[in-house]
1. About its Cα centre, what dipole magnitude does region 1-81 give when the only charges are +1 on Lys and Arg Cβ and -1 on Asp and Glu Cβ, stated in debye to the nearest 20?
2. With +1 on each Lys and Arg Cβ and -1 on each Asp and Glu Cβ, how big is the dipole of the chain about its Cα centre, in debye rounded to the nearest 20?
3. Which length gain, in nm to one decimal place, applies between S157 and A199 when the Cα-Cα distance is subtracted from 0.36 nm times their residue separation?
4. I want to check the label-to-label distance for L182 and V146. Put each point 7 Å from Cα in the C-beta direction and report it in nm to one decimal.
5. Search the structure for amide H atoms under 5 Å from the amide H of N24, placed 1.01 Å from N in the peptide plane, and list their residues when 5 or more places away or on another chain.
6. Under unit Cβ charges (Lys, Arg +1; Asp, Glu -1), what dipole magnitude, rounded to 20 debye, does region 133-200 have relative to its Cα centre?
7. Under 13 Å from the 7 Å Cα→Cβ point of N10, by amide nitrogen: which residues of region 146-171?
8. So how much accessible area does Y114 have, in Å² to the nearest 10, using a 1.4 Å probe?
Amino acid sequence: MIANDILTINNTLESRFWSNGVLNSDIASVLLSIATDFFENLGLDSVDLEDVTFTGSLANYNWTKFSDIDIHLLADFSKIDENIELVREFFNAKTSLWNKTHNILVKNHEVEIYVQDINEDHHSTGVFSIKKGQWVTQPTRIEPKVDTDMVKRKIKSFIDMIERVEDELDDKNYQKAHGASLNLIKKIKKFRQSGLEEAGEYSNENLTFKYLRNKGFIKTLHETRNKSY
């Protein structure tokens, strides 16, 4: 279960995207165009788009057919407002709406965008600057050690919690289902982030999250939140 669904370690980068360690120029052009269009439509005329990076598993050796194309737009949040968290929430709302209303596929992989503060730490071993055409952090193929039993236990625990929230929705306990789904979404996000900060993308926490996402449980949880509201 773990190896096939969340821990595929390939011998090469995805060849349809990468050639001799450089992103395919046609793909780079499309992704840069998407990022630039999104940022310009925000109307932040006084703020520059510092960089556009390609990151995540498709910029690494652990890519699978489920992998998204993770595009990060880098900007200096402090140039927008001194309240950095307010700026972050603004960008999160804008990117969330964009990701929900756009279904752009490149080589059968969905494009997802995220706006990142230039001062924000990014926990990934593969980061490629599309604007500069070079690696910021070049990936290295490694065979990570994973506590498979622990990951299986965490997966089972979260699936059980998600199903309990679904049951509340089925029983028409809408307020309870909505509150529980919001709390569980926050819990899973915090759980994953703690693993990324402590042990990186091969942490037990991140692998648990990837399984839940790849198998549709995260999507189900978000749908339960929306339906209950």
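The values are calculated or read from the model by the stated rules, or taken from the named source; none is laboratory data. It should be emphasised that the depicted structure is a prediction, and the values quoted were computed from it without experimental measurement. When we count neighbours, we look across all protein chains shown, and the Cβ atoms used for this are built from the backbone with ideal geometry, even at glycine. We work out accessible area using only protein heavy atoms, side chains counted, and drop any ligands, DNA or RNA first. Shrake-Rupley method; radii C 1.70, N 1.55, O 1.52, S 1.80 Å.
1. 480
2. With only Lys, Arg, Asp and Glu charged at Cβ, the dipole is about 860 debye.
3. Here the segment from S157 to A199 would lengthen by 13.0 nm.
4. Spacing of the two 7 Å Cα→Cβ label points: 3.4 nm.
5. Residues meeting the criterion, in which the H sits 1.01 Å from N, are W18, S19.
6. Dipole about the Cα centre, nearest 20: 240 debye.
7. From region 146-171, the list is empty.
8. Counting only protein heavy atoms, Y114 exposes about 70 Å² to solvent.
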